[in-house]
Amino acid sequence: MDIFHIDGPVRLSGSVTINGSKNASLPIMAAAILVPGKTILQSVPHLSDIKLFSTLLENLGCKVSRDPNDNLEIDAAVVDNPIGDYEIVSKMRGSICILGPLLGRCGRAEVSMPGGCAIGDRPIDIHLRGLKALGADIHLKNGYVVAETPNGLIGTDIFLGGPFGSTVLGTANIMMAAVLANGTTVIDSAACEPEIVDLANCLNTMGAKISGIGSPRLTIEGVDKLEPVKYTVIPDRIEAGTFMAAAAITSGRLSIKNCKLEHLMAVVDKFRQIGVIVEKANGGIEVTRDGSLKTADVTTQPYPGFPTDLQAQLMALLSLADGNSIVIEKIFPDRFMHVAELNRMAAHLRKEGPVVIVSGVKQLIAAPVMASDLRASAALVLAGLAAEGTTIVNRVYHIDRGYEKIEERLNPLGAKIERQSI
Ligand code: EPZ
């Protein structure tokens, strides 16, 4: 198991290029199941989640490899074992997005229920409601979802809203089940996240007929088959936001390349509110912090609201602001594993249910801390960059799930992070 030794405080400066999006790559990799041929994906990052998802696809019968240009090739000529094992699904909730494409391709699937994780319960009731509406027979057996479509999938109108708003992977599952269904499907309260837009664009490149992309209402006209394509996934907006926070928390200046400002408007707005300078620059953004941080109130919401995947990173930043801030988590109300760890670093955070009151302090102090979910872990790395002394982050594997060798990207910018295997 790896740990990080992080010396601080440091001031970051320089240029970093953002990788392809993990959360766009996973559903787009799942979409390849629908195509009896070789799909080629560009800009898929090298992450443990991608490797795990590749294993999941291979277990289904696909062949997955990287070509000489580092593109990910998924040959789904054969999909003869439509089973998503608990071993993999329990490690990565995102695996659930194979359910829809397996029903579209094979007419049956057995996928383990995801179970809970560090950020809270990961229910899939809305996924299942949508698939049933499309004509799937679904029952639970020994912790697995067993789904079959005796009469095929039949287009219909589906409302996908839940108590926390839309569902990202629920939208992905229903969209991927609908593209080969008989007739037209209308999804209301669809997720509008850029990753879902990317999936819909990829499916249309394959020959699907999806309209309303990027809006809460998607219309999907079923087609007979899809063709294999070569597709480039979008840059990772959450990785970009994490590097924005790294520049701000170290009073540094970063040029963040290969990121789409239009995917980060809520984040840019919040950073500007707290006094961070964010400017559009060629093919990316320039982020500078010069002076003290102002306080802010932030509530996480479905896109285009402030993303829950950047809540922990912003909280680490606000822990150094001049005064009190309020962080309200509306997507995963329990997503606060980082609060106790940041308090070990002399932050002053008080959790009241889905709300955390952040009383800014002058200085964070290094401490041994425990990584939990991948975004909380990134927040601990950010705090370590600003803290006085050497912070030790345990269970770095959480970070490796969503960030490709983060220490090798931060050290050239001025960070002092040493990875150790223990
Ligand atoms: C995706 O998870 C992302 N994962 C998450 O990123 C992200 O935090 C989340 O969307 C929200 O933006 C991937 O894309 C692989 P949801 P997903 O279904 O789709 C509730 C990361 O850090 N809900 O949009 O699983 C659910 O409990 C990961 O990269 C139901 O109630 O999230 C939550 O409160 C973590 N019933 C809310 O909806 C359902 O059937 C949003 O969840 C489905 C969801």
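For region 103-228, go through all pairs of different Cα atoms, get the mean of 1/r, take its inverse, and jot down that Kirkwood value in Å.
Hydrodynamic radius (Kirkwood, Cα only) of region 103-228 equals 14.7 Å.
Might you report the magnitude of the Cβ-based charge dipole of region 126-233 about its Cα centre, with Lys and Arg at +1 and Asp and Glu at -1, to the nearest 20 debye?
120
Tell me which residues come under 5 Å, amide H to amide H, from Ser15 once H is placed; ignore anything under 5 positions away on its chain.
Ser255
Give me the percent of Cα-Cα pairs in region 22-232 that sit more than 30 Å apart, rounded to a whole number.
11
Okay, helix-only estimate at 222 nm for the chain: each DSSP H run of n ≥ 4 adds -39500 (n - 2.57), divide by all residues, round to 500 deg cm²/dmol; what do you get?
-8500 deg cm²/dmol
Quick one: the Cα spread of region 30-81 along its three principal axes, in angstroms, biggest first?
Computed over the Cα atoms, the extents are 27, 20, 16 Å.
Set the Förster distance to 25 Å, then compute FRET efficiency between Lys405 and Asn59 from the Cβ-Cβ distance, nearest 0.05.
In this case the efficiency is close to 0.40.
Name the long-range amide H neighbours of Ile158: under 5 Å, sequence gap of 5 or more, or other chain; modelled H, no Pro or chain starts.
Val186, Ile187, Asp188
When the dipole is taken about the Cα centre of region 183-286, and only Lys, Arg (+1) and Asp, Glu (-1) are charged at their Cβ, what size is it in debye, to the nearest 20?
In total the dipole reaches around 280 debye.
Find the Cα radius of gyration of the chain, compare it with 2.2 N^0.38 Å by division, and give the number to two decimals.
This ratio for the chain stands at 0.97.
For region 160-169, in order, what is each residue's ³J(HN,Hα) by Karplus, 6.51 cos²θ - 1.76 cosθ + 1.60 with θ = phi - 60°, in whole Hz (x at glycine and Pro)?
10, x, x, x, 10, x, 7, 10, 5, 6
Quick one: Cα convex hull volume of region 280-422, Å³ per residue?
127
What fraction of the Cα pairs in region 112-161, stated in percent, has a spacing above 14 angstrom?
For region 112-161, the fraction of Cα-Cα distances above 14 Å is 56 percent.
How much of His46 can a 1.4 Å solvent probe reach, expressed as accessible area in Å² and rounded to 10?
90
Would you look at the GNM of the chain, springs on alpha carbons closer than 10 Å, and say which of Val339, Val78, Val64 moves the most?
Highest fluctuation among the options: Val78.
When the expected Rg is taken as 2.2 N^0.38 Å, what fraction or multiple of it is the alpha-carbon Rg of region 320-403?
In units of the 2.2 N^0.38 Å rule of thumb, it is 1.05.
Taking 0.36 nm per intervening residue step and subtracting the Cα-Cα distance, what contour gain separates Ile154 from Thr184 on full extension?
That works out to 10.0 nm of additional length.
In percent, what relative contact order does region 22-232 have, based on Cα pairs under 8 Å that are 6 or more apart in sequence?
With pairs under 8 Å counted, the relative contact order is 21 percent.
From the backbone phi of region 261-268, what are the Karplus-calculated ³J(HN,Hα) couplings (6.51 cos²θ - 1.76 cosθ + 1.60, θ = phi - 60°) in whole Hz, Gly and Pro given as x?
Working through the residues one at a time gives 4, 5, 8, 10, 4, 5, 6, 4 Hz.
Once phi is turned into θ = phi - 60°, what whole-Hz ³J(HN,Hα) does the Karplus curve with 6.51, -1.76 and 1.60 give for every residue of region 94-106, x standing for Gly and Pro?
x, 4, 4, 7, 8, 4, x, x, 5, 5, x, 8, 10
Hey, can you grab everything whose amide H is under 5 Å from the amide H of Glu388? Only 5+ residues off in sequence or another chain; H modelled, so Pro and N-termini drop out.
Leu364, Ile365, Ala366
Placing unit charges on C-beta atoms (Lys and Arg positive, Asp and Glu negative, everything else neutral), compute the dipole magnitude of region 51-92 about its Cα centre in debye, rounded to 20.
Dipole of region 51-92, to the nearest 20 debye: 140 debye.
Semi-axes of the equivalent ellipsoid for region 300-353, please: Cα gyration tensor eigenvalues, times 5, square-rooted, ordered largest first, whole Å.
19, 12, 9
What number, in percent, do you get for the relative contact order of the chain if the mean sequence gap of Cα pairs under 8 Å and at least 6 apart is divided by its residue count?
RCO, the chain: 21 percent.
Please go through the residue pairs Lys132/Lys330; Lys225/Lys260; Lys38/Lys209; Lys209/Lys330 and name each one whose alpha carbons sit more than 30 Å apart in this structure.
Lys225/Lys260; Lys209/Lys330
Post the alpha-carbon centroid distance, region 155-215 to region 73-117, in whole angstrom.
Computed from Cα coordinates, the inter-centre distance equals 18 Å.
Note down the Stokes-Einstein diffusion coefficient of region 188-293 in µm²/s, whole number, using a Kirkwood radius over alpha carbon pairs, 37 °C, and 0.692 mPa s.
209
As a test of reading the structure, rank Cys117, Cys202 by solvent-accessible area (1.4 Å probe, protein chains only), most first.
Reading off the accessible areas and sorting them downward yields Cys117, Cys202.
The values are calculated or read from the model by the stated rules, or taken from the named source; none is laboratory data. Bear in mind the structure is a predicted one, so any value in this text is a computation, not a measurement. Here Cβ is always computed from backbone atoms with ideal geometry, including for glycine, and neighbour counts include all displayed protein chains. To get the accessible areas, we keep the full protein, side chains included, count just its heavy atoms, and leave off ligands, DNA and RNA. Shrake-Rupley method; radii C 1.70, N 1.55, O 1.52, S 1.80 Å.
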